[in-house]
Each structure stands twice: as structure tokens, then as C-alpha cells.
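These notes concern the structure reproduced below.
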Amino acid sequence: MSSKIVSGIRPTGNLHLGNYFGALRNFLKLQEENDCYFFIADYHGLTTHPTPENLQENVKQVLAEFVACGLDPDKATLYVQSDVPEAIELYLFFNMNAYLGELQRVTTFKEKARKQPNNVNAGLLTYPTLMAADILIHRASKVPVGKDQEQNLEMTRTFAKRFNHMYQTEYFPEPVAYNFGDELVKVPGLDGSGKMGKSEGFGNAIFLIDDEATIKKKIMKAKTDSGPTEKNSEMPDYIQNLFSLMDIVSETDTITQYKDAFADCSIRYGDMKKQLAADMNEFIAPFRDKIKSIVSNDELLSKIAKQGRDKARESAQRTIKEVRDIIGFKSI
Ligand code: TYM
């Protein structure tokens with residue numbers, strides 16, 4: 001059965017492997033049979049980057065990356081968040097019924113507030129209500145995201161349920177974070193800290209645009225140690241992270257070979273990293289080439305953005321009209 005699916009990505013940097021496996025990859029299959037919306041969350045970007053340089057260039061780059069990953073503008077609706085202002089009206093309605101205490105308890109809010117103590121802005125606090133608006137403006141039921149977004153999805157369900165309860169309706173679905181029906185993904189970074197992310201500093205993330213030398217440099221720098229000294233010993237997290245990346249890009253036989261070598265203490269991390277860098281480059285190369293071939297095609301990208309905007313606005317306008325009716329706004 002066809003479902004409504006929504007997800008978004010902030011244009012605060014190039015797309016990396018985490019974005020691909022957490023969110024984008026899911027859409028490749030889903031777009032074949034569902035009503036899919038995938039957008040560039042440029043409003044959300046302002047919560048951490050209030051004065052973005054080259055905003056339009058960044059948005060264009062991410063749109064090119066969507067298409068390079070295989071998102072098809074004729075199947076899925078690809079659009080820019082700020083092109084669909086209807087969602088902002090829904091954001092306002094949700095904010096009226098969102099409470100300070102619950103917003104302050106959100107982990108990502110607490111993390112960001114710690115990271116940018118001089119800019120704990122209201123947009124950061126209400127990040128989850130804008131996200132709920134992004135999703136519910138299309139009344140989506142599934143949201144392909146990585147594990148880091150789980151709590152935001154829980155908040156979206158809270159706001160949907162609350163709206164339904166307050167206005168005595170069953171209008172909004174309660175959307176779930178989705179990954180082919182399995183567990184949500186967390187792709188580790190290369191700095192040993194756990195998550196691949198664009199703001200964690202150079203070297204932590206492998207971007208879909210990275211060239212061969214950059215990939216190799218980043219991987220060779222990843223944290224390791226002098227190797228296990230006891231057979232079948234427990235793997236440190238930073239080594240486990242390298243194996244998780246291998247799981248994504250390497251052949252099963254290769255992974256088994258290095259796992260066995262770890263177990264019997266014969267592993268040489270230098271060799272393992274060279275292998276990982278070669279497999280990673282093979283995985284990234286087609287994306288890199290495709291991105292390069294599309295990103296300077298302004299005509300194509302603006303055609304795609306316009307096509308997406310028109311489709312997304314049509315869906316959003318329908319929802320806003322119905323929400324206004326439900327709340328009781330009528331022209332006098
Ligand atoms: P953002 O821009 O941080 O990341 C975009 C998507 O990539 C996923 N992701 C990861 N998945 C697995 N492992 C990783 N290391 C990793 N890093 C990032 C994220 O889970 C996300 O799916 N709040 C969102 C953007 C957003 C949104 C929405 C998403 C705004 N409105 C509505 C879904 C629905 C964000 O900051 O994603």
C-alpha cells in the first residue's frame with residue numbers, strides 16, 4: 001500500500017555517508033511506490049548558522065547530491081523548505097500547544113545549547129515543532145532518518161496526538177522513524193567519538209564528494225592502537241567503528257578476514273585502513289562523479305526545485321486549509 005513519506009537534510013555542509021545510510025538510501029526504494037517528499041531544511045540550518053554564507057550555493061549543492069544519490073524528481077517530490085511557507089503556519093499552530101518544559105528536555109536542544117551558549121535561540125528550542133510541521137504538513141506516516149532523530153520523531157507524535165486530542169479529530173497520523181522496517185542506523189565517524197557528522201571537524205566524516213586522496217588521508221588518520229595482545233579480546237569502540245564502516249562498503253570475505261585477524265591478534269591496522277580506503281573510494285566514486293556532473297547545471301537544478309516546490313505546495317496548501325477549518329479560522 002502506498003504511504004506518505006517525508007524527510008529532510010540541513011544544507012550546512014556536503015552530504016556524508018551517515019546522511020546517505022540514515023536517510024537517503026531508504027528513499028531509493030520507497031520512491032518507487034509511495035508519495036515521497038524529500039526537502040532541504042534551510043530554515044532549520046539557521047538555528048545553528050544564523051548568517052549563512054553562500055546559502056543558495058549550499059542548497060544547490062545538496063539538491064545536486066540528492067539527485068546524484070538516485071532520488072528521482074519525477075518520482076519523489078524534491079524541494080527546498082523555504083519554498084513552502086505553509087509549513088510555517090503549521091509550525092505556529094504547533095508552537096501554541098508546545099510547552100517550555102518538554103522542549104527544554106530534548107537531548108539535541110541540550111547538546112546544541114551547550115555547544116553554542118551565546119546563541120540559545122527560540123528557533124533551537126522549537127526545532128522539534130518545526131520538524132513536526134515539516135512532516136505533518138504532508139500528513140506523512142513514515143520518516144526515514146538516522147538514529148539521532150528518534151527523539152524528534154517522538155516529539156512529532158506528541159504534537160500530532162495533542163492536536164488530535166485538543167481539536168477532537170483524527171486528522172494527523174502519528175509518524176514513525178523508519179529504516180526499511182529495521183533498526184535505525186548510526187554510521188560512526190572516524191575520530192572515535194561515535195557519530196559521523198558534518199560539524200564534528202575535518203576528518204570525522206566521509207563526504208560523497210570526497211576525492212580518493214582525501215578519503216585515504218582521513219581513513220589513515222583514524223584512531224587505532226598497537227593491536228590486540230590477547231586472543232578473542234573485546235574490540236575497542238574506535239576499532240569497532242572501522243569495522244562498521246567496512247560493513248557498509250567492503251565484501252563479506254574481506255570483513256571476515258580482518259575480523260579473524262583481530263581475533264588471533266595478527267591484524268595490522270595499517271593494512272586494514274588501506275583496504276577500507278580502497279573500498280570506500282570505490283563506493284564513493286560514482287556519487288562523486290555524478291555530483292560533479294550535475295552541480296553546475298543551474299538550469300536542471302532550478303527546474304527540479306520548481307517542480308518540487310509546486311508539488312509540495314499543493315499538498316501543503318490542502319493541509320493548511322483543513323487545519324484552519326479544524327481550529328475554527330473562518331473569513332468574516
Ligand atoms: P541532519 O541534516 O543532521 O541529517 C540528515 C539526515 O541524516 C541522518 N544522519 C545520520 N544517520 C546515520 N548515521 C549518522 N552518522 C548520521 N548523521 C546524520 C539524520 O538522522 C537525518 O536523517 N533535523 C534533521 C533535518 C530535518 C528533518 C525534518 C528530518 C528537518 N526537518 C523532518 C526529517 C523530517 C537534521 O538535522 O538532519
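What to note about this one:
- Centre-to-centre, using Cα atoms only, the range 258-332 and the range 27-42 are separated by 10 Å.
- Per-residue ³J(HN,Hα) for the range 125-133, Karplus 6.51 cos²θ - 1.76 cosθ + 1.60, θ = phi - 60°, Hz, x for Gly and Pro: 5, 9, 3, x, 6, 5, 5, 4, 5
- Between HIS165 and ASP298, the contour length at 0.36 nm per residue exceeds the alpha carbon distance by 43.3 nm.
- Distance (nanometres) between label positions extended 7 Å along Cα→Cβ at ALA113 and LYS147: 2.5
- Between the range 112-164 and the range 178-229, the Cα center-to-center distance that results, in Å: 25
- Selected from GLU212, GLU154, GLU53 as most flexible by GNM, with the chain as the system and alpha-carbon contacts under 10 Å: GLU53
- Surface analysis of the chain yields an accessible area of 49 Å² per residue, using protein heavy atoms and a 1.4 Å probe.
- Cα-based shape type of the range 37-174, given that a ≥ b ≥ c are square roots of the gyration tensor eigenvalues and the cut on a/c is 1.5: oblate
- FRET E, pair GLN104, LEU184, Förster distance 25 Å, beta-carbon r, rounded to 0.05: 0.55
- DSSP assigns beta bridges within the range 1-153; of those with both partners inside it, close to 0 percent run antiparallel.
- Candidate aspartates and glutamates - alpha carbon under 19 Å from LYS292, same-chain residues fewer than 8 apart omitted: GLU57, GLU65, ASP72, ASP210, ASP211, GLU212, GLU282
- Under 20 Å from the Cα of LYS112 - aspartates and glutamates, other chains or at least 8 residues apart: ASP42, GLU102, ASP148, GLU150, GLU154, ASP191, GLU200
- Beta-bridge orientation, the chain: approximately 5 percent antiparallel, per DSSP, counting only bridges with both partners inside.
- Qualifying trypsin sites (Lys or Arg not before Pro) for the range 182-234 [loop in DSSP, other Cβ within 10 Å: at most 10]: LYS231
- Efficiency of FRET between LYS217 and GLU32 - r from beta-carbon atoms, R0 41 angstrom, step 0.05: 0.65
- Accessible carbon and sulfur surface of the range 234-332 relative to its total accessible area, %, 1.4 Å: 47
- Zone residues, the range 80-117, relative to LEU55, backbone N less than 17 Å from point 7 Å out along Cα-to-Cβ: 80-89
- Across the accessible surface of the range 126-179, with the other protein chains kept in place and a 1.4 Å probe, carbon and sulfur atoms take up 45 percent.
- Links that overshoot a 29 Å alpha carbon limit, given the list LYS290/LYS321; LYS4/LYS60; LYS110/LYS274; LYS142/LYS303: LYS290/LYS321; LYS110/LYS274
- Theoretical ellipticity at 222 nm over the chain - DSSP helices of four or more residues, -39500 (n - 2.57) apiece, nearest 500: -16500 deg cm²/dmol
The values are calculated or read from the model by the stated rules, or taken from the named source; none is laboratory data. Note that the coordinates shown come from a computational prediction; the quantities given were computed from them, not determined experimentally. Cβ: placed from backbone, ideal geometry, glycine included. Neighbour counts: every protein chain shown. These area figures cover heavy atoms from the full protein model, side chains too; ligands, DNA and RNA do not enter into them. Shrake-Rupley method; radii C 1.70, N 1.55, O 1.52, S 1.80 Å.
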